[in-house]
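Report on one structure; see the data block that follows.
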Amino acid sequence: MLATLIPLFNDQMEVKAYSLFSQKKNYLLNPSYLGTGINDGAGNITGLEIVNSVGIDSLATDSDIFISLSPISLFADVEAQCLAPPHRIVLLIDNSVKPQPLNIERIRALKEGGYQFAMRKLDVPDFEEYKQILALMDYLILDHKKIVISKAKIFFSKLYPHIKLVAGNIASQEIFDELKKEGGYQLYEGEFYRTPITKGESQIAPVKINYIELLNVINDPDFELTKAADVISRDAALTISLLEMVNKITVNSKISNIRQATALLGQRELKKWISTAVTKQLCEDKPSEVARLSMLRAKFAEQLAPIFSMATKDQELFMLGLFSVLDIILGKPMPEALSMLNVSHDISDALIEHKGDLALVYQFMLLYENADWFEIDRLVVVNNLDYDKVYDAYVTSLKWYRDLFF
């Protein structure tokens with residue numbers, strides 16, 4: 001199975017929900033699933049195991065999770081399979097769920113149990129046919145690329161004023177800004193928040209320069225622990241964070257100073273911790289999802305290393321994932337942003353030129369977080385990857401992020 005989380009933002013760029021998209025089988029290796037076989041085992045709601053194992057608050061603090069249902073899984077025992085509070089779960093259906101009496105009654109029963117509902121992939125000509133189902137929806141996702149959502153917004157605001165409208169498939173920050181100014185949408189979804197920077201912005205703040213200097217210290221192949229400790233000790237936030245983290249992993253000892261902490265971690269783990277902690281600080285003036293994306297990519301890339309037969313490059317892949325949004329963090333095009341850091345040629349080639357062995361993992365990650373399952377299936381076949389291990393790598397990344405910040 002594969003699964004990924006896609007964020008939904010409010011107009012202040014705060015994450016208010018995540019859509020969990022999943023796929024049970026590789027369709028290229030299991031072509032029967034493109035036909036009637038897709039309903040095999042459909043009584044199990046794919047993706048819920050992530051919510052149950054990682055915890056809904058680790059995935060979406062004070063937010064909702066959208067879980068996709070098929071026409072078959074709509075009738076699954078949702079209550080038994082879902083450990084999260086019903087009011088935090090938004091059951092997401094599409095136009096494959098027909099406006100038939102049996103479906104309508106099932107939706108109504110689940111809503112009475114506390115679950116919310118959302119509809120997507122509904123074309124304009126279908127609005128009238130689906131009016132009974134739409135009357136039960138809490139959310140409606142309008143695809144910006146497929147319909148004129150400004151007109152659809154007027155229609156739904158008049159006939160279904162209770163529905164929260166989601167502007168979906170937003171490709172750029174400019175489109176997001178236009179829709180935000182237009183108003184009337186409760187949530188926004190799309191790749192706009194991570195669109196690569198192509199034009200430099202203002203000067204980098206002095207505090208960010210200090211963090212970049214620290215990253216360059218640890219990117220030296222043989223950096224000294226004492227030197228890193230001295231640089232960390234100049235920043236109160238990093239000092240507190242490091243001591244808290246080290247004392248969390250030690251049971252019988254109480255670490256009271258930075259040099260003790262760095263010696264305990266050692267060069268490899270200290271480098272990883274500094275990289276993540278500094279990235280978090282660099283993202284303080286950015287949407288919180290940028291920092292989360294950076295760190296999840298870092299751990300996911302590291303976990304993918306042995307799957308792609310690159311186990312010896314796991315640390316480089318960790319750094320590649322971490323710095324893959326450096327352009328957004330610093331507000332500069334990627335070549336300019338990376339020029340400020342002492343990164344390997346393999347990392348810069350992958351992030352700038354999209355060349356080299358690391359670029360394959362980078363491209364795989366981008367496709368995965370977009371839930372582009374067809375391309376993922378193709379790469380799995382071409383590169384002889386283990387489907388289940390890819391899924392495990394993603395879940396491990398989510399749990400690592402949870403343990404790091406919760």
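Scan the range 349-368 and tell me whether some residue there is in contact with a strand residue (DSSP E or B) (Cβ under 9 Å, 6 or more places away or on another chain), hydroxyl-bearing (Ser, Thr, Tyr) and in a helix (DSSP H, G or I).
Yes, because at least one residue in the range 349-368 is in contact with a strand residue (DSSP E or B) (Cβ under 9 Å, 6 or more places away or on another chain), hydroxyl-bearing (Ser, Thr, Tyr) and in a helix (DSSP H, G or I).
Looking at the range 372-392 only, could you name the residues that are among the charged types (D, E, K, R) and assigned to a loop (DSSP other than H, G, I, E, B)?
Result: ASP372, ASP386.
LEU341 passes all but one of (1) of a type in the set (A, V, I, L, M); (2) surrounded by fewer than 15 Cβ atoms within 10 Å (Cβ to Cβ); (3) not in a helix (DSSP H, G or I); which number fails?
Just one mismatch for LEU341, condition (2).
Any idea which residue in the range 121-141 is surrounded by the fewest Cβ atoms within 10 Å (Cβ to Cβ), counting only those that are under 27 Å from the mean Cα position of the chain (by Cα) and modelled with pLDDT of 95 or more?
ASP138
Does PHE323 fit the bill of being aromatic (Phe, Trp, Tyr) and more than 15 Å from the chain's Cα centre (by Cα)?
Considered against the rule, which asks whether it is aromatic (Phe, Trp, Tyr) and more than 15 Å from the chain's Cα centre (by Cα), PHE323 comes out as yes.
Return the only residue of ILE149, ILE170 being farther than 28 Å from VAL278 by Cα and under 18 Å from the mean Cα position of the chain (by Cα).
The unique qualifying residue is ILE170.
If I filter the range 179-220 down to residues being at pLDDT 90 or above and exposed (fewer than 13 other Cβ atoms within 10 Å of the Cβ), which single residue comes out as nearest to ILE232 (Cα to Cα)?
Applying the filter and picking the extreme gives LYS181.
Between a residue in the range 106-119 that is farther than 15 Å from TYR130 by Cβ and any residue that is modelled with pLDDT of 95 or more and among the charged types (D, E, K, R), which pairs come within a Cβ distance under 6 Å, given they are 6 or more apart or on different chains?
GLN116/ASP138
Give just the number: which of (1) part of a helix (DSSP H, G or I); (2) of a type in the set (S, T, N, Q); (3) exposed (fewer than 15 other Cβ atoms within 10 Å of the Cβ) does ASN103 not satisfy?
(3)
On the basis of being under 25 Å from TYR18 (Cβ atoms), buried (at least 16 other Cβ atoms within 10 Å of the Cβ) and among the small types (Gly, Ala, Ser), does GLY114 make the cut?
No; evaluated as a whole, the condition is false for this residue.
Might you let me know whether the range 312-329 holds any residue that is touching a Ser or Thr at 6+ places or on another chain (Cβ under 6 Å) and surrounded by fewer than 18 Cβ atoms within 10 Å (Cβ to Cβ)?
no
The values are calculated or read from the model by the stated rules, or taken from the named source; none is laboratory data. As the structure is a prediction and not an experimental result, all values here were calculated from the model. Every residue, glycine among them, receives a Cβ derived from its backbone with ideal geometry; neighbour counts consider all protein chains shown.
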